Amino acid sequence: MMHRRTLLGVLLAVTAPSMAAAQGVQTAILYKNPQCQCCDAYAKVLQRNGIAVTVKETPALAALKREHGVPEPLQGCHTLLIDGYIVEGHVPVTVVKRLLAERPAIKGLSLPGMPAGSPGMDGEKTEPFTIYEIGDGAPKVFARA
């Protein structure tokens, strides 16, 4: 026989994602190298902006990127899976939210490298960031932020 606490735990585990969606909270999973700390900082930026992020450390990050079709030049230091899209690197939250609102027919977005001043990165932003589409052809610019 199931105890009340166990039943409550099961119910919360099953309904939490749908409750978050009903409350307008976007959920995501951020995969990162265990040694990388800027990825944790990026997750905190997302969380402060209404995206519930689960951080998962993995030594198989390169394989995950290949599995999702991210070309090597567009690979970032972490991979975010959000609402059917992949987001590579420190893409500004406004651009992530634009992606989710517009829902273009692409795999996702990338801000290659680790530019200073990008969300989660130290330093000062010196120029606009170029965010690329991850798709089936040559990379196209999605936004400059």
All conditions in (1) in contact with a helix residue (DSSP H, G or I) (Cβ under 8 Å, 6 or more places away or on another chain); (2) of a type outside the set (Ser, Thr, Tyr); (3) on the phi > 0 side of the Ramachandran plot are true of Gln75 except (3)
Filtering segment 25-83 for residues that are charged (D, E, K, R), free of Cβ contacts under 8 Å to residues at least 12 places away in the same chain and closer than 30 Å to Gly137 by Cα leaves a count of 3
Note on segment 122-145: residues touching a Leu at 6+ places or on another chain (Cβ under 9 Å), aliphatic (A, V, I, L, M) and part of a strand (DSSP E or B) are Ile131, Ile134, Ala143
Per the filter on segment 27-59, residues of a type in the set (Lys, Arg), under 13 Å from the mean Cα position of the chain (by Cα) and in a helix (DSSP H, G or I) are Lys44
A careful count of residues in segment 109-121 that are in contact (Cβ under 8 Å) with a residue 40 or more places away in the chain and part of a loop (DSSP other than H, G, I, E, B) gives 4
Scanning segment 85-107 residue by residue, those at pLDDT 95 or above and at positive phi turn out to be Arg103
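The values are calculated or read from the model by the stated rules, or taken from the named source; none is laboratory data. Every value quoted in this text rests on a predicted model; they were computed, and no experiment measured them. Positions of Cβ are generated from backbone atoms using ideal geometry, with glycine treated the same way; all protein chains shown enter the neighbour counts.
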